[in-house]
1. For region 88-403, what is the convex hull volume of the alpha-carbon atoms per residue, in Å³?
2. For region 295-384, what is the Kirkwood estimate of the hydrodynamic radius, computed as the reciprocal of the mean inverse distance between distinct Cα atoms, to one decimal in Å?
3. With θ taken as phi - 60° and the coefficients 6.51, -1.76 and 1.60, list the Karplus ³J(HN,Hα) couplings across region 312-322 in order, rounded to whole Hz; mark glycine and proline as x.
4. How high is the relative contact order of the chain, in percent, counting Cα pairs under 8 Å that sit 6 or more residues apart?
5. Pulled fully out, how much extra length does the chain show between residue 403 and residue 124, if you take 0.36 nm times their separation in residues and subtract their Cα-Cα distance?
6. Would you work out what percent of the accessible area of the chain, with all protein chains in place, is carbon or sulfur (probe 1.4 Å)?
7. May I ask you to evaluate 6.51 cos²θ - 1.76 cosθ + 1.60, the Karplus curve with θ = phi - 60°, for each residue of region 114-124 and list the ³J(HN,Hα) values in order in whole Hz, giving x for glycine and proline?
8. Kindly write out, for region 50-65 in residue order, the coupling ³J(HN,Hα) from the Karplus curve 6.51 cos²θ - 1.76 cosθ + 1.60 (θ = phi - 60°), rounded to whole Hz, with x marking Gly and Pro.
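The values are calculated or read from the model by the stated rules, or taken from the named source; none is laboratory data. Note that this is a predicted model, so its numbers are computed, not measured. Counting neighbours? That spans all protein chains shown, and the Cβs are built from the backbone with ideal geometry, glycine included. Protein only, heavy atoms only, side chains kept; ligands, DNA and RNA dropped before computing areas. Shrake-Rupley method; radii C 1.70, N 1.55, O 1.52, S 1.80 Å.
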Amino acid sequence: MPFIPPSSVAQLDKSPRRRFYTGRNLDRVQSIGDLRARTHRLMPRFVLEYLEGGAGEEATLAREREAFATWRVLPHTLRDESARSTACAILGRPAPLPLLVAPTGVNGIFMRGADSALALGATEAGVPFIQSTMSNEPMEEIAKVPGLRHWWQLYVFGPDEIWQTLVDRAAAAGCEALVLTTNAQIFGQREWDSRTRATRSRPSLRTIVNAARHPHWAATTLRGGLPRFENVIDFVPKEHRGFFDSAFWIREQMWKDIGWRDVARIRARWKGALFLKGVLHPEEAVRALDAGVDGIMLGSHGGRQADWAVAPLDVLPRVRDAVGDRAELYLSGGIRRGSDALKALALGADAVLTGRATLYGLCAHGGDGVTKAIDLLKKEMMNELGQYGAPTLDAISPDLLVRMGHFPHIPEFC
Ligand SMILES: Cc1cc2nc3c(=O)[nH]c(=O)nc-3n(C[C@H](O)[C@H](O)[C@H](O)COP(=O)(O)O)c2cc1C
């Protein structure tokens with residue numbers, strides 16, 4: 001399906017006609033938008049719905065992008081911008097930019113070896129990679145990537161033995177931090193994703209025909225069959241180990257009554273840094289700190305869980321006020337530009353997570369695309385630091401931003 005570029009004020013009556021670059025030459029890629037456009041060219045529809053789709057009305061998904069448009073920059077000029085830098089610290093260790101690669105499950109549906117490719121790309125860029133419980137490669141294999149800052153994302157489901165085993169394995173594999181996702185115990189109502197299936201575990205005929213028309217994807221992904229949830233599949237009963245069936249089985253076993261008592265038990269077992277991911281409420285952030293958590297990843301799962309939720313950016317200043325400097329505070333959701341990351345930092349985040357932006361790189365160009373996506377975001381941050389007259393991240397503060405009364409639609413990513 002050809003990618004139709006969005007209109008912009010530079011295109012009155014859709015003229016001049018514009019297209020993102022969707023070719024294979026990475027040197028010609030200008031922005032995450034190009035990586036997304038090539039992703040849309042190469043991936044079958046059911047994969048795109050899994051990647052792009054949100055829950056319900058997709059109101060949260062839209063808000064995650066819109067929220068950035070509520071903030072405008074009031075730049076300074078005549079400042080020394082000759083030495084710009086995005087250098088920072090993530091969890092007390094130096095990092096070249098304030099970014100982490102977010103945990104995403106089922107990466108094997110984009111490309112065989114996708115978890116490794118994301119881990120390698122993150123390592124090359126010097127930033128942490130957070131591996132999902134629903135990833136497709138064993139954590140012990142990913143841990144072998146030299147120099148990797150390996151973090152483990154935990155979903156809690158089934159008997160205690162499962163989370164306990166995963167936590168112990170993460171410790172043995174040398175993971176630096178454990179990230180407990182708190183907002184996905186009940187699976188979001190992702191209707192567009194579901195519409196690609198005829199039954200719970202069977203793709204529709206249209207989906208199969210469409211997938212067959214994507215030979216590049218089939219060649220790079222289906223070699224050896226559909227991916228498996230390698231880190232947890234042994235806990236799944238044998239009769240439910242098919243691709244779709246195992247995913248549904250795991251979803252059904254998620255603890256619907258997970259609570260602070262469980263956070264305390266995880267805290268007691270895991271000796272490294274512990275983060276909660278998916279929190280939005282300032283009161284919960286404060287309670288998390290009282291529970292011995294080291295950091296919060298604000299977010300709404302990329303718009304895939306609660307519909308009509310506020311965007312993490314909307315609540316970021318309040319949460320920062322509430323937790324002060326007692327916690328690392330990261331923002332996850334809607335990051336597509338270096339300027340997005342800088343706005344988040346200005347409003348109180350220490351770093352941002354990228355989910356789809358790095359996945360677009362992966363889908364479009366494999367491992368090199370992951371590196372490219374992170375490079376693009378870094379290059380944009382460096383450029384904007386100069387444009388804003390704030391040469392280093394220390395100079396990024398709330399007074400750089402002005403809140404607008406209304407927010408123009410951002411067509412590019414909504
Ligand atoms: C395809 C996909 C799979 C995801 N899987 C997980 C997951 O397994 N665990 C998790 O904590 N978050 C998961 N997320 C949420 C991301 O970690 C992250 O919060 C979100 O993608 C951020 O929004 P962005 O995609 O706009 O950057 C997933 C997101 C996407 C797009």
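1. Values: hull volume 43.3 nm³, N = 316.
Spelled out: Cα convex hull of region 88-403, divided by residues, is 137 Å³.
2. Values: mean 1/r = 0.0730 Å⁻¹.
Across region 295-384, the inverse of the average 1/r is 13.7 Å.
3. x, 5, 4, 9, 3, x, 5, 5, 4, 4, 5
4. Values: 800 pairs, mean separation 113.4, N = 414.
So the answer I get is 27 percent.
5. Residue separation times 0.36 nm, minus the Cα-Cα distance, leaves 96.9 nm.
6. On the way: 9550 of 18030 Å².
The nonpolar share, carbon plus sulfur, comes to 53 percent.
7. For region 114-124, the Karplus-derived couplings read 5, 4, 4, 4, 5, 5, 5, x, 5, 5, 4 Hz, x marking Gly and Pro.
8. Result, ordered by residue: 5, 6, 8, x, x, 8, x, 6, 6, 6, 5, 4, 5, 5, 4, 7 Hz.
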